[in-house]
Structure formats: structure tokens, C-alpha cells
Amino acid sequence: MAGVSTPSSPLPAEVAARLTRDSAGLVAAIIQQHDTGEVLMLGWMDDEALHRTLTSGRVTFWSRSRQEYWRKGDTSGHTQHVRSVALDCDGDALLVRVDQVGAACHTGRRTCFDAGDLGADPGERP
């Protein structure tokens, strides 16, 4: 089970203390291509997944549906090589900049965010 930070968290104490986890112990992780800024996908991490991501050079997530860890690309070959990991100001979201090899989306597409614009009105500009 994804766990809320405990004294046994694998993360350094100063990192674990900065995280604001949801009720399941998870933090949203936005995955972005490091050189183009393209947003590729959104995944979820608990302390262990973040620790694995920070120390292995590859992105690891917690699967909410399968209730297990998964490292992007282990079965598909579409790997994500970590370039940097940043925490937002509230501590509840991570920005993981990667070098994406192949598709990021489980559908086989480069990005999960290509399902079409929803037609938002940009409104007035200052």
C-alpha cells in the first residue's frame, strides 16, 4: 500500500517533511520532456516511488489501480530518464523533467495530453 510518510520513509528527512501527501499518501508527478517543455503525462508517487526516482535515474510510479510500483518502460521499452525533480510551493506536486524514449502514454502516443483542446475561451488579456 502507498504509505503516508513514517519514520521509516526512505527519503531524507528534509525531503519527506516538505511533501504534502493526499489521503492515500501520494503526490502528483507531472512528467515533462526536459528539452522541449512538452508535458507528457501525470502519475502518482509515494515516498518509496520518489526515492526510487531520485536514486535510480528512471521514473517509478505507484499504480493506484494495480496497487504496485511500476517503472516506466520496463514492459514497453518507453523509458523515462530523470534529468531533474522539483517540488512545487505547496509540496503537493512534483515536476519531473525527463528524457523520454518512445511514447509516454499507455495508448502508444507521445503524450497523454493530445486528446484535443477543450475550447477554453482565453478571455481578455491585460
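Taking first residues from region 91-117 that are among the acidic types (Asp, Glu) and partners that are open to solvent by 60 Å² or more (accessible area, probe 1.4 Å), the Cβ contacts under 7 Å between residues at least 6 apart in sequence or on separate chains come to ASP92/THR20; ASP99/HIS81; ASP99/ARG83.
If the condition is being open to solvent by 90 Å² or more (accessible area, probe 1.4 Å) and charged (D, E, K, R), then region 111-124 contributes ASP117, ASP121, GLU124. In region 60-107, which residues are open to solvent by 50 Å² or more (accessible area, probe 1.4 Å), outside any strand (DSSP E or B) and among the basic types (Lys, Arg)? Passing the criteria: ARG64, ARG66.
Among the residues of region 4-37, those that are under 21 Å from ARG110 (Cα atoms) and either buried (at least 18 other Cβ atoms within 10 Å of the Cβ) or touching a strand residue (DSSP E or B) at 6+ places or on another chain (Cβ under 7 Å) (or both) comprise ALA28, ALA29, ILE30, ILE31, GLN32, GLN33, HIS34.
The values are calculated or read from the model by the stated rules, or taken from the named source; none is laboratory data. Worth saying up front: this structure is predicted, and the values here are computed from it rather than measured. Glycine gets a Cβ as well: all are built from the backbone with ideal geometry, and neighbour counts include every protein chain shown. Keep in mind that these areas ignore ligands, DNA and RNA; they rest on the heavy atoms of the full protein, side chains included. Shrake-Rupley method; radii C 1.70, N 1.55, O 1.52, S 1.80 Å.
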